[in-house]
Amino acid sequence: MAATYFVTGASGFIGKRLVRALLARPGARVHYLMRDISPQRVAALNAFWGEGAGRASPVKGDLLRPDLGLSAADAKKLKGHVDHFFHLAAIYDLAADPEIETRSNVEGTRHAVQLAKKLGAGCFHHMSSIAAAGLYEGVFREDMFDEADKLDHPYFASKHEAEKIVRTECATPWRIYRPGLVVGDSRNGEMDKIDGPYYFFKLIQKMRKMLPPWAPTIGFEGGRLNLVPVDFVVAALVHLAHLDGIDGRCFHLTDTHPHRVGDIMNIFARAAHAPLMTMRINVALFDLLPKGIMRGLGALTPIRRIRKAVLKDLGLPDDVLRFVHYPTRFDQREAERLLKPAGIEVPELETYAWRLWDYWERHLDPDLFVDRSLKGKVAGKVIVVTGGSAGIGKATAFKIAEAGARTIIVARDKARLDATCEEAAQRGLALSPYEADIADPDQCEALVQQLVGDHGGVDILINNAGHSIRRGIETSYDRFHDYERLMQLNYFGCLRLTVGLLPGMAQRRSGHVINISSIGVLTNAPRFSAYVASKAAMEAWTRCAASEFLDRGVHFTTINMPLVRTEMVAPTKLYQQVPMLSPDEAADFIVEAIIHQPIRIATRLGVFGQIVQAVAPRIGQIVMNTSFRMFPDSAAAKGAEKIGVEKGGEKPTADQIAFTQLLKGMYF
């Protein structure tokens, strides 16, 4: 005989899928509680449920009102006709307001129990959670309840209290289900919100962006997290609800073999093609420290600010780290015994983790819902690009002008400035040219005064102007002026301009300084000692300035740019054979800096090189020395006839090709 169901929480993540599964049963009818029965919401649910939606009827009500707020007419119509009452409505959120969470989870359950009795329902099915066990240390069985421990967190306490109401106040035959941490559908990855392990996906994504997938990293270890996909939970719930003779019992819908936190992180890291955490620090070690010391440290202003900034950057709720060292394991033998004949079991996380990751990155990544467009960041703002008449600067100027910025380009060659502005005009873009050599102190000071006078200040300064010299130290003993002129432009010139514009930024409590540095600073590139030293000086000053101006609303970003095909590298014929970025691709790094305002942007190779230099500097020196001896100085540097790959366009050797392909973007 066809059954009739009443469901609360039918629009939720599990509830929608439960209703769809119930409607798949022959002749089944479903009445579902809704506070707002708007045509749009009902239509969206019907579209999700598909063909069976015609047998699903909304009932107006409110979780926080007695008898769930059902009208007398609706209650009369349903009385005696509800075979199964499923109560799923609740707040499942570690970061929810404690008062609202308690009212919804506890009082909402009491009201559902009252309504089930009033309607004469055949069985009351309560969706609880493993959170009802609190932070019990050891194995928590399906027949355990009062043994729950450490229920001081509002969410844990509310789930425990709700389950207690069912056990002590429900006059209707009841069954309780405690699912583990419910993740997306193992078949398609669908998930409605960020929860559980998803909180750490942003960290994995950032690691993937910073490092190559083969780079070893340090992670953390903790307790075992019991993850179950929503399709398993729904299938298990429907099957157990329709078995006879199991009223008054609780069932764990959990994984028999849960993974440790560190293993889960690595499973998702593999799915994301991110570096694995090969070395892990067990957070349980922090339990060895006296709690008074931990509380004292946590109260310190720097610690609080660091914690807040890290959690915000990664999108983590304040309490999430508290549950990394999860102490509870769950025994699910009764549920497992009853589900086995139906072939219902938890799939291995490794088999569907990639689907969860893919769905999150396409649909749930917080960055997808923030205005990260260049136009949203620069429209109407005054942006200065030094070295803006050619190469990276020119490509950047065109991009930001197209996005609506008031774009100012600075260069020392008036003819090239005019040509760039004319090219921009042909594209329908407007650039404001300023002729100045920022390496000249007087011209730089005059430029600052002119910019402030003409525009009232600058919102974003892009220190792109620079010069490079490719010459080994052995051929530079008598060329001390090389070091001086690079320092004058790459360091002092950028510094003068930045210091001149900083007061206005600090006064407005808004500003962004972007410095174009080099991958060579991260890798200690040989043959570029003068260039790397000048860029490293600017980086060091920037780190100090960033610390001082953090609370003034002024941001600093350093871009460790890899090799870019510009006029600056053209004299070195070797680079004709070397893979490198185009100016347009390099400009995309600057666009990223403007949009996201990171502290540093670097290629994964650059970051890995920095790690090698810090962890195993001798290995780094061997690699760099090998490249130094493998590639010749330019003809200009040697003051002699071109040799090697520069002689008559001679082809590079196999070693040279391999080196440049493996270390793409490096300076040789």
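Looking at region 158-184, which of the residues that are in contact with a strand residue (DSSP E or B) (Cβ under 8 Å, 6 or more places away or on another chain) and in a helix (DSSP H, G or I) is surrounded by the most Cβ atoms within 10 Å (Cβ to Cβ)?
Taking region 158-184 first, the residues in contact with a strand residue (DSSP E or B) (Cβ under 8 Å, 6 or more places away or on another chain) are 160, 162-163, 166-167, 170, 172-184.
Filter once more, so that each one left must be in a helix (DSSP H, G or I): 160, 162-163, 166-167.
On the way: HIS160: 21, ALA162: 28, GLU163: 25, VAL166: 23, ARG167: 15.
Among those that are in contact with a strand residue (DSSP E or B) (Cβ under 8 Å, 6 or more places away or on another chain) and in a helix (DSSP H, G or I), it is ALA162.
Within region 41-54, the residues that satisfy the criterion of being surrounded by fewer than 13 Cβ atoms within 10 Å (Cβ to Cβ) and more than 32 Å from the chain's Cα centre (by Cα) are ALA43, GLY50, GLU51, GLY54. Within region 232-279, if we keep just the residues that are of a type in the set (D, E, K, R) and under 29 Å from ARG362 (Cα atoms), the residue that is farthest from the chain's Cα centre (by Cα) turns out to be ASP255. Any idea how many residues of region 360-386 are surrounded by 18 or more Cβ atoms within 10 Å (Cβ to Cβ), within 27 Å of VAL228 (Cα to Cα) and not aliphatic (A, V, I, L, M)? Number of matching residues: 1. The conditions of being outside any strand (DSSP E or B), within 30 Å of ARG509 (Cα to Cα) and among the acidic types (Asp, Glu) are not met by ASP482.
Only one residue in GLU147, GLU142, GLU190 is among the charged types (D, E, K, R), outside the structural domain of SER11 (by TED's automatic domain parsing) and in a loop (DSSP other than H, G, I, E, B). Which one?
On the way: GLU147 fails: outside the structural domain of SER11 (by TED's automatic domain parsing); GLU142 fails: outside the structural domain of SER11 (by TED's automatic domain parsing).
Residue meeting the stated conditions: GLU190.
Answer yes or no as to whether LEU497 is surrounded by 23 or more Cβ atoms within 10 Å (Cβ to Cβ) and in contact (Cβ under 8 Å) with a residue 60 or more places away in the chain. Considered against the rule, which asks whether it is surrounded by 23 or more Cβ atoms within 10 Å (Cβ to Cβ) and in contact (Cβ under 8 Å) with a residue 60 or more places away in the chain, LEU497 comes out as yes.
If you go through region 263-272 one residue at a time, do you hit one that is outside any helix (DSSP H, G or I) and on the phi > 0 side of the Ramachandran plot?
Initial filter on region 263-272 (outside any helix (DSSP H, G or I)): 272.
Filter once more, so that each one left must be on the phi > 0 side of the Ramachandran plot: none.
No; the residues of region 263-272 include none that is outside any helix (DSSP H, G or I) and on the phi > 0 side of the Ramachandran plot.
Within region 411-427, if we keep just the residues that are farther than 14 Å from GLN443 by Cβ and not aliphatic (A, V, I, L, M), the residue that is nearest to the chain's Cα centre (by Cα) turns out to be ARG427. Just one of the listed residues (PHE286, PHE330, PHE251, PHE323) is modelled with pLDDT of 95 or more and more than 29 Å from ALA28 (Cβ to Cβ), namely PHE330. Among the residues in region 222-233, are any in contact (Cβ under 8 Å) with a residue 40 or more places away in the chain, touching a Leu at 6+ places or on another chain (Cβ under 9 Å) and in a loop (DSSP other than H, G, I, E, B)? Taking every residue of region 222-233 in turn, at least one turns out to be in contact (Cβ under 8 Å) with a residue 40 or more places away in the chain, touching a Leu at 6+ places or on another chain (Cβ under 9 Å) and in a loop (DSSP other than H, G, I, E, B).
Residues that are at pLDDT 80 or above, assigned to a helix (DSSP H, G or I), closer than 22 Å to ARG337 by Cβ and not assigned by TED's automatic domain parsing to the domain that holds HIS87 do not occur anywhere in region 197-205. Scanning region 69-102 for residues that are assigned to a helix (DSSP H, G or I) and under 39 Å from the mean Cα position of the chain (by Cα) yields PRO98, GLU99, ILE100, GLU101, THR102. For region 87-106, the criterion of a residue being out of contact with any Pro (no Cβ under 7 Å at 6 or more places or on another chain) and more than 27 Å from PRO197 (Cα to Cα) is satisfied by no position. The set of residues in region 62-89 being on the phi > 0 side of the Ramachandran plot and buried (at least 17 other Cβ atoms within 10 Å of the Cβ) consists of ASP67, LEU68, GLY69.
The values are calculated or read from the model by the stated rules, or taken from the named source; none is laboratory data. Computed from a predicted model, the values in this text were never measured in an experiment. As a convention, Cβ positions derive from the backbone with ideal geometry for all residues, glycine included, and neighbour counts pool all protein chains shown.
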